[in-house]
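Heads up, the thing below is written out as structure tokens.
The values are calculated or read from the model by the stated rules, or taken from the named source; none is laboratory data. The shown structure was predicted, so the numbers you read here are calculated from the model rather than taken from an experiment. Positions of Cβ are backbone-derived with ideal geometry, glycine not excepted, and every protein chain shown enters the neighbour counts. Surface areas here come from the heavy atoms of the whole protein model, side chains and all, with no ligands, DNA or RNA. Shrake-Rupley method; radii C 1.70, N 1.55, O 1.52, S 1.80 Å.
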Protein chains: 2
Amino acid sequence: MIQPPQSARKASQSEYSAALIVIGNEILSGRTQDQNINWIACKLAEKGIRFSEVRIVPDIAERVVSAVRELSARYDYLFTTGGIGPTHDDITAGCVAQAFETPIVENEEARAMLERHYGGPEHLNPARLKMAQIPRGGTLIPNPVSGAPGFVIENVYVMAGVPKIMQAMLDHVLPGLAGGDVLLSRTVSSRFPESRIALKLADIQESWPDVEIGSYPQFKDGKFGVSVVLRSANEGMLEAVERDVKKLIAELEQG
Amino acid sequence: MIQPPQSARKASQSEYSAALIVIGNEILSGRTQDQNINWIACKLAEKGIRFSEVRIVPDIAERVVSAVRELSARYDYLFTTGGIGPTHDDITAGCVAQAFETPIVENEEARAMLERHYGGPEHLNPARLKMAQIPRGGTLIPNPVSGAPGFVIENVYVMAGVPKIMQAMLDHVLPGLAGGDVLLSRTVSSRFPESRIALKLADIQESWPDVEIGSYPQFKDGKFGVSVVLRSANEGMLEAVERDVKKLIAELEQG
């Protein structure tokens, strides 16, 4: 079982934050549509961890290193996706090691995993052995699908980019993470455009600073409507705000 | 016609870079799957602009301001999506103004656009007028669908978050942007896993440093294969590398 990292073990902490670095030339080139961000967002929300930032950066070592340094210092948890395979463009493990000024070494457990996966030590060519190179002190995240394990070092969770593998890795690490209060949400929809409800919605937001009120225009059948999304860990407050928003919309509908 | 910004008018420049800030609580909460990143990536690639970074940040003013400052300084172009509507959580225009230490003022042309859109000045309530508040010196990007215009200031292109509107805004600004050489790409697929071709692929990459070689595992019908994607502005080089990669795979297939 993976332990929550040091930085997340604050006894009195009720809110936990996380960021994600997508290491992805293929996303930036437009070749591939990312499927991991939304998945991770939903899983973190369920766990009561605030997803606070995503960066998509190219496969350039200095860019990955500086993003890892900056975001691992700023948030409780940092996840990365992509770049842990056997090819020359898989640079994530080396970059994470560099970010923490830790040497990258052959991890015995990773080597054993790869031996099992490829059917014996005689099948471990140098490219496959590259996937056993893990920053010293890293804890492995098993890969149930292909060879390359992910790993955890400090508060950084290094995962594969292939969605099926990333999902399995995330399922593996999430139970060991500390989370805070789960944000509950309510959505109130209206056929009125945002500009009709904006001012009164701002008044409601001002009265209830602890409920996050988001207003999202919708474009449907050639007409604009709006979805008002309310978020709070406090169900009572959420209900009160939902009542206020519904009342506002009912008043508009009557006149 | 929108002029290319000062920072992009370098006479001898052959490469142009761009970044994107997605202002998006709704993306970070998992409620919405982003549809803009991939669209923008493809359009920039067609234009010969290197898409170099994406940040998804929450609707928190200081986070938006610091991202705008950092990325507008680092790249030739910065795009933003989201947060230009009439509600309290639409904070983008104010944040961009703050990033450039410019006052935000009522833009006459924007006011006129909104008057036309809403059918006369008598329909401009304060919420709608908020959408005419543009950083001083900003040039408008028309919104053919709903009221709120986007705008350009310095090298920052502020667009709507609703995909249909963002796409129309991007189509409006792209013809005015300077682009460099368009990267051509070739994809060579193989049923072999990455770890079989990794070392020889690294040799090819070393021989052809000006062709970007990406290796992407594919998981299909329970088996791993690989797509090798080659990118270069030089068609001759691209063909040479494609030949080398195809030869490598053919040799593997013959055993």
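If you go through segment B:159-167 one residue at a time, do you hit one that is open to solvent by less than 40 Å² (accessible area, probe 1.4 Å), more than 24 Å from the chain's Cα centre (by Cα) and at pLDDT below 95?
Looking through segment B:159-167, none of the residues is open to solvent by less than 40 Å² (accessible area, probe 1.4 Å), more than 24 Å from the chain's Cα centre (by Cα) and at pLDDT below 95.
Could you list, ordered by first residue, the pairs with Cβ atoms under 9 Å in which the first is in segment B:180-198 and at positive phi and the second is in a loop (DSSP other than H, G, I, E, B) and open to solvent by less than 50 Å² (accessible area, probe 1.4 Å), at least 6 apart or interchain?
Correct list of pairs: empty, since none qualify.
Within segment B:42-101, track down each residue that is over 21 Å from A:Glu53 (Cα atoms), open to solvent by less than 20 Å² (accessible area, probe 1.4 Å) and in contact with an Asp or Glu (Cβ under 8 Å, 6 or more places away or on another chain).
The answer is B:Gly48, B:Ile49, B:Gly85, B:Pro86, B:Thr87.
For every residue, the table says whether it meets (1) away from chain B (no Cβ under 14 Å); (2) open to solvent by 50 Å² or more (accessible area, probe 1.4 Å).
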site: A:Leu170; (1), (2): no, no
site: A:Ser190; (1), (2): no, no
site: A:Ala198; (1), (2): no, no
site: A:Ile204; (1), (2): no, no
site: A:Ser207; (1), (2): no, yes
site: A:Val211; (1), (2): no, no
site: A:Gly225; (1), (2): no, no
site: A:Ser232; (1), (2): no, no
site: A:Ala250; (1), (2): yes, no
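Which pairs have Cβ atoms under 8 Å, sit 6 or more apart or on different chains, and link a residue in segment A:82-94 that is farther than 19 Å from A:Asn125 by Cα and within 11 Å of chain B (Cβ to nearest Cβ) to one that is open to solvent by less than 20 Å² (accessible area, probe 1.4 Å) and at pLDDT 95 or above?
So the pair list comes out as A:Gly82/A:Val22; A:Gly82/A:Ile23; A:Gly82/A:Thr92; A:Gly82/A:Ala160.
Within segment A:4-33, how many residues are assigned to a loop (DSSP other than H, G, I, E, B), open to solvent by less than 20 Å² (accessible area, probe 1.4 Å) and either at pLDDT below 95 or touching a Pro at 6+ places or on another chain (Cβ under 9 Å) (or both)?
So the answer is 2.
Collect the residues in segment A:196-244 that are under 14 Å from A:Arg186 (Cα atoms) and in a helix (DSSP H, G or I), keeping them in residue-number order.
Those that are under 14 Å from A:Arg186 (Cα atoms) and in a helix (DSSP H, G or I): A:Glu235, A:Gly236, A:Met237, A:Leu238, A:Glu239, A:Ala240, A:Val241, A:Glu242, A:Arg243, A:Asp244.
Quick one: in segment B:11-54, which of the residues that are β-branched (Val, Ile, Thr) and more than 9 Å from chain A (Cβ to nearest Cβ) is nearest to B:Asp171 (Cα to Cα)?
B:Ile49
Identify the single condition in (1) at pLDDT below 95; (2) within 24 Å of A:Glu53 (Cβ to Cβ) that B:Met1 does not satisfy, given that it satisfies every other one.
B:Met1 satisfies every listed condition except (2).
Only one of B:Val152, B:Val162 is of a type in the set (Val, Ile, Thr) and away from chain A (no Cβ under 14 Å). Can you tell me which?
Going through B:Val152, B:Val162 in turn, the sole match is B:Val152.
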